[in-house]
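Every number here is computed from the coordinates shown, using simple stated rules; none is lab data. Since this is a predicted model, take the numbers as computed values, not measurements. Here the Cβ positions follow ideal geometry from the backbone for every residue, glycine too, while neighbour counts run over all protein chains shown.
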Amino acid sequence: MGHMSEDRTKERVASTAWWPKWEQELSEYINTCARCQKANRKHGKNYVLLQHIEEPKHPWETINMDWVTGLVPGGKEKFTSCLIIVDRFRKSMRCLPCHKEDTAMDTDLLFWNNIISTCGVPKIIISDREPKFTSEFWTNLYDMLGTKISFSTAYHPQTDGLAERMIQTMDEILDNSVPMAWNIRTMKVTPMTGLPFYQKSNWLITQVSTLPQEKHLPW
């Protein structure tokens, strides 16, 4: 009578019949029953196929973004948060001090002045569904620039896993080597007169090749 559950069906069959490997064959039949597949309701979550993240070919072409919040405020600016930017090509990270109360426009200016102005406009930005990243201002701006914004899905944090791992590393460094007033390093200082190399060695280099810190630039 009807197509019941696997346990109910086995119970009914066991009371009237038997043959070798009947339980295995019955399970296979029930799991592939066309009528059950169409009629039975699904109560679990709807899963979709995982999407492969295309690996970048140039520095700062694809980046991951995430936030670190709840930091102890200190110093002149009283920063309490940090915007984490990770270059997927070089696996390098930049930490931009900010405030939890910053708006989407504040975040965009921070990103523009510290990343786009020096590294160019990224092709892909991967982040979680932080309201600042999903705001109409943010999405419209980068749509005009030709940047694709990819958001991680719910219950699947692996999409933004690179940024999450970098945050763990940063937390360990802060815990082990930086005082509570961690943002003291963001204060402006008066530069020394002359080149640091000259101040140390008292002679100048007449020919300079590409500096290591310049090799990550996209041009």
If you scan the range 110-149, which residues turn out to be surrounded by 15 or more Cβ atoms within 10 Å (Cβ to Cβ) and part of a strand (DSSP E or B)? I124, I125, I126, S127, I149
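So how many residues does the range 122-153 have that are aliphatic (A, V, I, L, M) and more than 16 Å from T107 (Cβ to Cβ)? Give the derivation first.
First, pick out the residues of the range 122-153 that are aliphatic (A, V, I, L, M): 124-126, 141, 144-145, 149.
Checking which are more than 16 Å from T107 (Cβ to Cβ) leaves us with 124, 144.
Residues that pass the stated criteria total 2.
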Within the range 115-133, can you find the residues that are closer than 24 Å to E55 by Cβ and not charged (D, E, K, R)? I115, I116, T118, C119, G120, V121, P122, I124, I125, I126, S127, F133
